[in-house]
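Engineer: What follows is a structure written as structure tokens; I'll ask about it next.
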Amino acid sequence: MPSRPSVAGVLALAALAVFTVWITWRAKAVERGLDHDAKKITVAGKAAPDFSLPTLDGRTVALADFRGKQKVVVTFWASWCGPCRAEMPVLDSLYERGHKPGADFEFVAISIDDDRQAAATFAAQMKMPFPVLLDPAQKTAAAFDVESIPTLFVIDSGGKVVLGKVGFEPSTEMVLSQQLGIPMRMPPGATNAGRGN
């Protein structure tokens with residue numbers, strides 16, 4: 001005769017069923033959110049909104065400074081943003097590898113922090129090698145229709161937005177490497193053998 005499951009076993013199965021339903025619902029919600037966020041890049045394919053913002057070091061940087069000269073990677077971030085903390089080391093690495101004198105691109109990191117010191121502390125912790133601009137009233141972010149951060153744009157030398165990405169993903173490095181012509185990092189111990197190089 002089969003034995004009856006214990007109360008603890010039944011409760012464990014019920015908890016597992018509830019968790020399975022919840023995790024499936026969350027995965028679908030995240031997926032819908034990613035699709036929804038992808039549609040929020042309203043400036044893609046259009047002229048980038050002009051901006052002129054102060055930097056942490058007291059200069060002023062304008063988008064017009066780069067027109068006709070360089071592509072510009074613009075990232076909107078804040079010190080309290082977890083995904084921004086994940087994105088910055090990738091941007092730093094790309095910049096350090098590819099930005100040489102006469103490079104055809106520049107990066108600018110636009111902080112939407114309302115506290116200048118919070119932005120300065122974050123920039124120092126991350127050792128950001130590129131200009132850090134301040135947009136505490138978020139007027140520039142609004143002009144780019146930024147609704148969540150990090151949001152990253154690539155603007156060509158003619159001032160047109162050629163790429164827009166909401167959020168941080170591991171593929172960001174590969175996408176930017178292709179956009180800017182920066183060779184990808186080789187994993188430790190990897191060689192170019194067998195790649196036709």
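Engineer: Taking the criterion of being within 22 Å of Ile182 (Cα to Cα), modelled with pLDDT under 95 and part of a loop (DSSP other than H, G, I, E, B), would at least one residue in the stretch 78-100 satisfy it?
Structural biologist: yes
Engineer: Scanning the stretch 92-110 for residues that are in contact (Cβ under 8 Å) with a residue 40 or more places away in the chain and under 18 Å from Leu53 (Cβ atoms), which turns out most open to solvent (accessible area, probe 1.4 Å)? First the steps, then the outcome.
Structural biologist: Initial filter on the stretch 92-110 (in contact (Cβ under 8 Å) with a residue 40 or more places away in the chain): 93-94, 97-98, 104-106, 108, 110.
Imposing the further condition that a residue be under 18 Å from Leu53 (Cβ atoms) reduces the set to 106, 108, 110.
Working: Glu106: 24, Val108: 1, Ile110: 0 Å².
By that ranking, first place goes to Glu106.
Engineer: Let me ask something else about it. Which of the numbered conditions does Ala64 fail, given that it passes all the others? Conditions: (1) among the small types (Gly, Ala, Ser); (2) in a loop (DSSP other than H, G, I, E, B); (3) touching a Ser or Thr at 6+ places or on another chain (Cβ under 9 Å).
Structural biologist: (2)
Engineer: Quick check on my filter: what residues within the stretch 39-67 are open to solvent by 70 Å² or more (accessible area, probe 1.4 Å) and over 23 Å from Pro129 (Cβ atoms)?
Structural biologist: Hits for the stretch 39-67 are Lys39, Lys46, Ala47, Asp50.
Engineer: Sticking with this one: On the basis of being at pLDDT 95 or above and open to solvent by 10 Å² or more (accessible area, probe 1.4 Å), does Thr191 make the cut? Step through it out loud before you land on a result.
Structural biologist: Numbers: at pLDDT 95 or above: no; open to solvent by 10 Å² or more (accessible area, probe 1.4 Å): yes.
Criteria not met by Thr191.
Engineer: Now, a different point. Going residue by residue through the stretch 70-84, is there one that turns out to be under 19 Å from Ile155 (Cα atoms), without any contact (Cβ under 8 Å) to a residue 60 or more places away in the chain and not charged (D, E, K, R)?
Structural biologist: Filtering the stretch 70-84 down to residues under 19 Å from Ile155 (Cα atoms) leaves 70-77.
With the extra rule that they be without any contact (Cβ under 8 Å) to a residue 60 or more places away in the chain, the set shrinks to none.
The answer is no; no qualifying residue exists.
Engineer: Could you check the stretch 120-137 and list, in sequence order, the residues that are open to solvent by less than 10 Å² (accessible area, probe 1.4 Å) and over 16 Å from the mean Cα position of the chain (by Cα)?
Structural biologist: Asp135
Engineer: Could you identify the single residue in Thr151, Thr140 that is more than 15 Å from Phe51 (Cα to Cα) and either of a type in the set (Ser, Thr, Tyr) or open to solvent by less than 10 Å² (accessible area, probe 1.4 Å) (or both)?
Structural biologist: On the way: Thr140 fails: more than 15 Å from Phe51 (Cα to Cα).
Every option except Thr151 fails the conditions.
The values are calculated or read from the model by the stated rules, or taken from the named source; none is laboratory data. Being a predicted model, the structure only gives us computed values, none of them experimental. All Cβ positions, glycine included, derive from the backbone under ideal geometry; neighbour counts span all protein chains shown. Accessible surface areas use protein heavy atoms only, side chains included; no ligands, DNA or RNA. Shrake-Rupley method; radii C 1.70, N 1.55, O 1.52, S 1.80 Å.
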